[in-house]
Amino acid sequence: MSLSAPRCDRTAAWAALQTRFDERGRTFDLREAFAHDPGRFEALSLQAPEVFADLSKNLIDGHTLRGLLDLARECGLQARRDALLAGAPVNATEGRAVLHTALRAPRGTAPFSDEVHATLDAMLAYAEQVRDTARSGITDVVNIGIGGSDLGPQMAVIALDAFAHRGLRMHFVSNVDGHDITPVLRGLKPRSTLFVVASKTFTTQETMANAHAARDWFDAQGGTDRSAHFVGVTTNLQAAADFGITRTFGFWGWVGGRYSLWSAIGLPIAIAIGEAGLRELLAGAHAMDRHFATAPLERNLPVLLGLIDVWYRNFHGFSSRSVAPYHQGLKRLPAYLQQLEMESNGKRVDLDGQPLPFGTSPVVWGEPGTNGQHAYFQMLHQGTDVVPVEFIAVRRAAHGLHAQHDMLLANCLAQGQALMLGKTREQALAERAPTAAPGLDPEVLARHRTFPGNRPSTTLVLDELTPRSLGALVAMYEHRVFTTGALWGLNSFDQWGVELGKALCNALLPRLRSGDASGLDGSTAGLLRRLSGPPGGAQGPEGAGNPQGVEGFAGSA
Ligand code: F6P
């Protein structure tokens, strides 16, 4: 499928936005915008299903927003969205539909409904069997998977801890590094452990290595009845059977790995929170799907967030976005979003294979608040780069430590406020600074203590972190990523960029054992010699690299 509507940079709206940016956008000041418009918060905040969004601390005004909405229309965003939801092969390079929305649609309302609901029902019935711990004897569930087969279920299980079965411990093993699985296995017993081997392809090196390690451990520890202790989740039923797994829940090629938590890949979530909880998660996502499909663009939250992303990335030139969930349960959300956004939109050619002349996916990163405040927020407030921040606040906590929850929320509000308001030289001069060096010139000190302000942020608010609100939040992010990808005219649903490293790894693996570095580039050869051989190896650390140290480099030029 090639572009039927113009790519964003070939539209009249794009040119108009560039003019707007040059004339007003570059110097836009949030403090002035609030001073001039007392209704700014109301105008630029909206309630979507389960998610309230305050967009008013973004570097936009009504004029810019209208220009961005024109851009969406000129790029045919609605038609692209409708094609996605109808199951058109929008993943053009792999010739596939992209139908994660069908996984959370009520029975009979979306493509593939019969298969989807049959698998969902079977998976949920199985999850309930596992949750009946008096009968199942299971105390520990180990999900073995990576990327989308790990991050989604892991993020959700941690987020929904308040709803989780108290008699089941959930573990997630993803890394091929044996330091990941080893400590997990250390405390387990075969008879009370269930391994979920989760892999769309069932060929992923890391997952297969860990699955073999788990199976070897199970046998070595005297485990019996493997079929009751290993379950597979995959589109590759044959490979799971070849591995020796007899109980498998399938899904389909039209479910992208990073969009798969709604499929049987969500089995660990179902085991943790049960059938009712999982159905709530799906219902929350479906509510956001309906909002995305039907809300007018100017009140459509994923669309508005995606448009602001384009404004920042392509006009302001911001290359990164920080996500700061003020809820410890959302601590893996930034990692989940990294895959969702960067694997989807980290592309450099459009659907026609033409090089894109503008920036695409920003770097997405973050940590839960308040931890991030004591680590990298310094840079957000006073560094030389502007990084838009996304705060996620949850009004009601699931614990009874009310004073701490108030502190958490006050911190969240304060950070957005500080980023926007900043601190002037005059304010800094007027303050006492008890920890400043005695005798330091007050002018110099004031320069260190000045904050430029005018740094943008979005604040998303959930009333509570529940399966339903989490489902809506995650679906919102999915549609936002779709929106930016659609405007940029790229394929958000392939991931060819992961292939090269995998192929080179397979070629290096035997060389790592043999130490054969012939024909490799100089750096890889040097490192291979340093890393290869038996532990403490024949080559030894001294045997590799430049004995003269880095200084020797000049002589060899
Ligand atoms: O290598 C990237 C990737 O293909 C992701 O897109 C995917 O989520 C992950 O690997 C795991 O793949 P699988 O589920 O097939 O093991």
(message) Mean Kyte-Doolittle hydropathy of -1.0 or higher plus an axial Cα length of 15 Å or more: which whole DSSP H helices in the chain meet both?
(response) 62-74, 113-131, 205-220, 267-294, 402-421, 467-488, 499-514
(request) Give a residue-ordered list of calculated ³J(HN,Hα) values for region 449-463 (Karplus: 6.51 cos²θ - 1.76 cosθ + 1.60, θ = phi - 60°; whole Hz; x for Gly, Pro). (result) 9, 8, 10, x, x, 6, 9, x, 8, 10, 10, 9, 10, 10, 5
(request) Tell me which residues come under 5 Å, amide H to amide H, from N143 once H is placed; ignore anything under 5 positions away on its chain. (result) H171, F172, V173, V196
(message) Please list, by residue number, every one of the trypsin sites (Lys or Arg not before Pro) in region 335-412 that is coil in DSSP and has at most 14 other beta-carbon atoms within 10 Å.
(response) R348, R395, R396
(request) List every residue whose amide H lies under 5 Å from the amide H of T248, counting only residues 5 or more places away in sequence or on a different chain, with H placed 1.01 Å from N in the peptide plane. (result) G232
(request) Could you do me a favour and compute the accessible area per residue for region 281-341, 1.4 Å probe, result in Å²? (result) 25
(request) Mind putting a number on the dipole of the chain about its Cα centre? Charges go on the C-beta only, +1 for Lys and Arg and -1 for Asp and Glu, and I need it in Debye to the nearest 20. (result) 380
(request) With a 1.4 Å probe and every protein chain kept in, tell me what percent of the accessible surface of region 121-280 is carbon plus sulfur. (result) 49
(request) Would you mind getting me the FRET efficiency between A241 and Q404? Use the beta-carbon distance for r and R0 = 60 Å, nearest 0.05. (result) 0.75
(request) May I ask for the Kirkwood hydrodynamic radius of region 1-56, worked out over all distinct Cα pairs and given in angstroms to one decimal? (result) 14.2
(request) Calculate the radius of gyration of the Cα atoms of region 437-504 to one decimal place, then report Dmax, the largest Cα-Cα distance, as a whole number, both in Å. (result) 22.7, 61
(request) Evaluate E = 1/(1 + (r/R0)^6) for E94 and L421, where r is the Cβ-Cβ distance and R0 equals 41 Å; express this FRET efficiency to the nearest 0.05. (result) 0.30
(request) Mind checking the per residue accessible area of region 68-169 for me, 1.4 Å probe, whole number of Å²? (result) 39
(message) Using only the Cα atoms of the chain, what are the Rg and Dmax in Å?
(response) 25.9, 76
(request) Within the set of other residues whose C-beta is less than 12 Å from the C-beta of L188, count the net charge using Lys and Arg as +1 and Asp and Glu as -1. (result) +3
(request) Report in % the part of the accessible area of region 459-514 that belongs to carbon and sulfur, leaving out ligands and nucleic acids; probe 1.4 Å. (result) 62
(request) Pop a pseudo-label 7 angstrom from the Cα along the beta-carbon direction at both T109 and T182 and give the gap in nm to one decimal. (result) 5.0
(request) Would you mind working out the accessible area per residue for region 399-473, using a 1.4 Å probe, and quoting it in Å²? (result) 56
(message) Can you tally the lysine pairs in the chain where the Cα-Cα distance is under 28 Å and the two residues are eight or more apart, or on different chains?
(response) 8
(message) Per-residue counts of other Cβ atoms within 10 Å, averaged by peptide: what ranking do you get for 261-271, 495-505, 103-113, 384-394, highest first?
(response) 261-271, 384-394, 103-113, 495-505
(request) Could you look at region 334-380 and say what percent of its accessible area is carbon and sulfur, using a 1.4 Å probe and all protein chains? (result) 51
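The values are calculated or read from the model by the stated rules, or taken from the named source; none is laboratory data. A quick note: this is a predicted structure, and the numbers were derived from the prediction, not measured. For neighbour counting, all protein chains shown are included, and Cβ atoms are generated from backbone atoms with ideal geometry for every residue, glycine included. Surface accessibility is based on the protein's heavy atoms, side chains included, excluding ligands, DNA and RNA. Shrake-Rupley method; radii C 1.70, N 1.55, O 1.52, S 1.80 Å.
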